[in-house]
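Notes follow the structure.
Readers should treat all values here as calculations from the given coordinates under stated rules, not as data from a laboratory. Just so it is clear, the model here is predicted, and its values are computed rather than measured. No Cβ is skipped: glycine too gets one built from the backbone with ideal geometry, and neighbour counts run over all protein chains shown.
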Amino acid sequence: MKNLFFLFAALLGFSTATCAQKYFTRTAHIDFYSHTSIEDIKAENNSGTLVIDAATGQIEVACTIKAFEFEKALMQEHFNENYMESNTYPNATFKGKLENISSINFTKPGSYTTKATGTLTMHGVEQAVSVPVTITVEGDKITGETRFVVNPNDYKINIPGPVKGKISEAIEVKVKANLAQLKK
Amino acid sequence: MKKKILLTLLIAAAVAGAYGIYLWNKPKRTASDEEAAASLTAAELYSSFATDATGANALYLDKVIEVRGTVSDIALNADGIATLTLETDDPMAAVMCTYAPDAANTATIGKQILLHGICSGMQGDLMPSVVLSQCSEPQ
């Protein structure tokens, strides 16, 4: 009987361990949009990594700067060479925590809104940020989404005088990802 | 004399204009246009970044490289373009490849594949990936 109890306890322990799942993707869509009266600039990156630890709420989003694609090759060049200096700072990363992770049930259909609070690092500058996050569970499809605004000045991204009017100080960033359960 | 100056100026303006138009419409870079700067396995590429990211960036960042590896996942990205995950020696790490929009794709899960792609570096700590874009399978 005692053995049975231990077996049960072990099974329970095992099942909670497997529930402490990670959800991830390596094809997160990240885009940004700069709107000014002179010019609209858009770029997107479809190879972002997003990992959520459903037990702790730990979240990491990472991408390479050079994987952002622009409509024009020349814009992409300027973005990499003049603004983001991507040879020196090849990455952008967000590391933080999802608030109220226990209120999100990754196996129960629904739409859950929360916040991700942590550190956004790009162009070698770290900034504390808190952004709204929506997690949608539809059958076995889990989608994570956020939208927030970034000011290039906060990341010491230097925009020279002649093009200042062409690049917004409120650049809208969107992230959308379809997450899969990590199987080990 | 005046006419000559005017003509020279006009030609200069036309050349500058044409060059401007050329720059503005410069085509995007694809991996198939260039010779590979290095040839290695997905495991070698990842371990190079994992052991010395700065050194690996100097070697591979923005370069067309040829990578061999086993396909562990195939997915379409948000633009409907095929992506491949290539295995490395670390189960949490991968080489993430996105095909060029018009590139032929013969990948199946478990298959050994050879790809040419532009390396944009490594991203992430929990599940690191080395990222290749504009990939194509060499003929």
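If Lys and Arg each add +1 and Asp and Glu each add -1, what is the summed charge of the other residues whose beta carbon sits under 12 Å from the beta carbon of B:Ala36? The partial results should precede the final answer.
Working: positive: B:Lys63, B:Arg68; negative: B:Asp33, B:Glu34, B:Glu35, B:Glu66.
In short, -2.
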>> Apply the Karplus curve 6.51 cos²θ - 1.76 cosθ + 1.60, θ = phi - 60°, to the phi angles in the range A:97-109 and return the couplings in whole Hz, x for Gly and Pro.
In response: 10, 7, 6, 6, 4, 5, 7, 9, 9, 6, 10, 10, x
> Under the Karplus relation 6.51 cos²θ - 1.76 cosθ + 1.60, θ = phi - 60°, what is the ordered set of whole-Hz ³J(HN,Hα) values for the range B:122-128, x standing for Gly and Pro?
Replying inline: 10, 9, x, 10, 5, 9, x
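As a test, work out the antiparallel percent of DSSP beta bridges whose residues both lie in the range B:31-136, rounded to the nearest 5.
Values: 23 of 32 bridges.
Of the beta bridges lying entirely in the range B:31-136, close to 70 percent run antiparallel.
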> When N counts the residues of the range B:31-136, how does its alpha-carbon radius of gyration compare numerically with 2.2 N^0.38 Å, as a ratio?
Replying inline: 0.96
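Mind listing which trypsin sites (Lys or Arg not before Pro) in the range A:113-176 are in a DSSP loop and have 16 or fewer other Cβ atoms within 10 Å?
Working: sites: A:Lys115, A:Lys141, A:Arg147, A:Lys156, A:Lys164, A:Lys166, A:Lys174, A:Lys176; in loops: A:Lys156.
Hits after loop and neighbour filter: A:Lys156.
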> With contacts defined as alpha carbon pairs under 8 Å and 6 or more residues apart, what's the relative contact order of chain B in percent?
Replying inline: 25
>> Output wanted: per-residue J couplings in Hz (rounded whole) for the range A:33-48, from phi through Karplus 6.51 cos²θ - 1.76 cosθ + 1.60, θ = phi - 60°, x for Gly and Pro.
In response: 9, 10, 10, 9, 5, 8, 8, 9, 10, 10, 8, 9, 10, 10, 10, x
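Compute the signed sum of charges (Lys and Arg +1, Asp and Glu -1) over the other residues within less than 15 Å, Cβ to Cβ, of A:Lys72. Could you put the intermediate results ahead of the total?
On the way: positive: A:Lys42, A:Lys166, B:Lys26, B:Lys28, B:Arg29; negative: A:Glu39, A:Asp40, A:Glu44, A:Glu69, A:Glu71, A:Glu77, A:Glu81.
Local charge sum for A:Lys72: -2.
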> Highest GNM mean-square fluctuation, chain B, Cα pairs closer than 10 Å: which of B:Ala13, B:Ala75, B:Ala56?
Replying inline: B:Ala13
> Please identify the GluC sites (Glu not before Pro) of the range B:31-139 that satisfy two criteria: DSSP loop assignment and at most 15 other Cβ atoms within 10 Å. Which are they?
Replying inline: B:Glu34, B:Glu35
>> Based on alpha-carbon centroids, what's the gap between the range B:38-98 and the range A:124-184 in Å, whole number please?
In response: 24
> Does the range A:22-181 classify as rounded, prolate or oblate by the C-alpha gyration tensor (a ≥ b ≥ c root eigenvalues; a/c under 1.5 gives rounded; else a/b over b/c gives prolate, otherwise oblate)?
Replying inline: prolate
>> Check which residues have an amide H placed less than 5 Å from B:Gly121's amide H, if you skip close sequence neighbours.
In response: B:Asp62, B:Val131
> Rounded to two decimals, what is Rg over Rh for the protein assembly as shown when you use alpha-carbon atoms and the Kirkwood radius?
Replying inline: 1.06
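Considering only the other residues whose Cβ falls under 14 Å of the Cβ of A:Tyr89, what net charge follows from Lys and Arg at +1 and Asp and Glu at -1? Show your work: numbers first, answer last.
Numbers: positive: A:Lys66, A:Lys156; negative: A:Glu81, A:Glu85, A:Glu126, B:Asp62.
Result for the local shell: -2.
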